[in-house]
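Input: a single structure, listed below in structure tokens.
Please treat every number below as a calculation from the coordinates, not as lab data. Bear in mind that the values here come from a model prediction, so they are computed numbers and not experimental data. All Cβ positions, glycine included, derive from the backbone under ideal geometry; neighbour counts span all protein chains shown.
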Amino acid sequence: MHCTLRKSMLSGFAALTVLATMSASAVEKRDEVSYLRGPYNIEFFKRHNEAFRISAGIHFAHGKAHDVAHLTPAAERAMADTKFDDESMAYVTRKKPRTEPTMELFGPYTAQFAWDLYRAIDWTHMHHEQTYDILSDKSIPWDKKAEWTERAVQYYLSQHDIPRSPAPLDVTMRRAGVMMKPYFSLFRNQFPRSNNFFYAAHWWHPVIYEAQMLGGNGIDQERMVQETDQTFYKEVLPVESRPQRMLLSREAMPRYSRMSPESANIFDNLHMLHGIAYDILTYEGWTPTEKRAEIYRVVKAMSYTPGDEILARKFSTPRPNMDPRVYEPWMRGAEGEMNRIMMEMMEEMMPMMAPHGMSDDMRQKMMAQFQMKLAPGMQEGEIPGSLADALMKMMPDMKMDKEGMKPGNTPQMMVEAMMAGWRKKYASMPDIESAPMKEKIVSMPKPVSTKGAGQ
């Protein structure tokens, strides 16, 4: 007993010593907010436990990826990428967790200097669980699902200081202003297998919502979710066939996105925050303090700002009748909504970067290089480094916002130019209509697989 007490006291003294050596600005409050109570709590866990455990395995990978990106030296990244991908695969196949892990559990090092990043992620994972629960709960009539989901959205937006925005990613990505920062595209270039594991994961998360939407409250919901899980394992998760881009909610869960556009946009903003954070942590040119400043800037830029909800329906659904159980050819390549948004942003920034103009040939070469940077891994002809590194090598006299490129600083003029571009193109577009919540799809047979099509 005395030995145990002595060890406890020594541990306490050690903790106090660590705290005493930290600057006041580095000590962050770790207050948490609990989930909203409702009749639906843990229904997804109970009704779709296999899917719940897949989600928990994916979130293991998300947590650990922070430390892998930050701690792995450049020379060791190819080996670390394969090892981490193998470990992530194990957690969604053989070692699926039975409970939902927080980010700190598997990414403890990053938690020491970027705690607010983890608060933003874990709070949004809570919203994932709550919204899956609402669709899973048979006691909530189908025509009341949207009402209960809206209740969960309002709780999520109002009860914490850093919720993800309900505005479309078209807006928040422009607000973040990350594309010409010195880290942009590094994770997908240097950890391509791990990056594509997350692209597969971000296929799975939205299509499970869509499977629930098509299944309704009855027994067909189990069948739809199970068949979607089977597609994930057999066709999406294998290394050679993973998506080459992040699919957006409007692509992979069009019906759910129309029912709750706020929730759908929140998830897109979370998934993009994951990728940006991994890029920042991969970059070796900044200290942990500088990385934290930039991560927190992005977290804030993509957070809820009053008025964002007015923009929630400013999107269209390119594949409104997609079947979540089918891994279609259009889901597999780099072309899609996310990269369309980034191409638009690039077009909006280019006049500022080349105020005296550029030749058509140079413009084509720069856009071709940009497209290479949007694809995982290194392509033939791709210039190593970030997008900014590549473009500066191609065009050394390109005008850059040197202050805006520093950690924690916003390239304000670029952000304003991109937001002006968005307003010109989309501010007046009609809001997408709500989804009719009628349980009429109750015996939808699984279509023939398209595996290998379009490859």
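The aspartates and glutamates within cross-link reach of Lys365, meaning a Cα-to-Cα straight distance under 20 Å and a gap of 8 or more places when in the same chain, are Glu335, Glu344, Glu347, Glu348, Glu380, Glu382, Asp389, Asp397.
Looking at this model, which pairs from Lys314/Lys373; Lys96/Lys314; Lys29/Lys406; Lys64/Lys144; Lys138/Lys446 are more than 32 angstrom apart at the alpha-carbon? As for pairs spanning more than 32 Å Cα to Cα, those are Lys96/Lys314; Lys64/Lys144.
Ordered by packing density, taken as the mean number of other Cβ atoms within 10 Å over each peptide's residues, highest first, how do 380-393, 109-122 rank? Mind dumping the intermediate values first?
Working: 380-393: 16.8, 109-122: 21.2.
Descending mean neighbour count gives 109-122, 380-393.
Couplings 3J(HN,Hα) of segment 94-105, computed from phi: 8, 10, 4, x, 8, 10, 7, x, 7, 4, 5, 4 Hz, in residue order, whole Hz [Karplus 6.51 cos²θ - 1.76 cosθ + 1.60, θ = phi - 60°; x for Gly and Pro]. Largest first and in whole Å, the equivalent-ellipsoid semi-axes of the chain read 33, 30, 22, each the square root of five times a Cα gyration tensor eigenvalue. Note on Lys424 and Asn321: their simple-model spin labels are 3.6 nm apart, each label 7 Å out from Cα toward Cβ.
Electrostatic bookkeeping for Lys373 treats Lys and Arg as +1 and Asp and Glu as -1; over the other residues with beta carbon under 14 Å from its beta carbon, the sum is +1. Here, segment 229-359 has an Rg and a Dmax of 17.6, 54 Å when only alpha carbons are counted.
Between the C-alpha center of segment 62-96 and that of segment 102-164 there is a gap of 25 Å.
So how much slack lies between Ser241 and Val33, counting 0.36 nm per residue of separation and subtracting their Cα-Cα distance, in nm?
Numbers: separation 208, 0.36 × 208 = 74.88 nm, distance 3.89 nm.
Computed gain between Ser241 and Val33 is 71.0 nm.
Rounded to the nearest 20 debye, the dipole size of segment 34-332 about its Cα centre is 180 debye, using +1 on the Cβ of Lys and Arg and -1 on the Cβ of Asp and Glu. Local charge for His356 was computed over the other residues whose Cβ lies under 10 Å away, with Lys and Arg +1 and Asp and Glu -1, and equals 0. Multiplying the residue separation of Lys399 and Tyr109 by 0.36 nm and subtracting their alpha-carbon distance yields 100.8 nm.
Between the beta carbons of Ser139 and Gln159, assuming R0 = 30 Å, the FRET efficiency works out to 0.80 to the nearest 0.05. Label-to-label distance, Met367 versus Gln226, with points set 7 angstrom from Cα along the beta-carbon direction: 4.9 nm.
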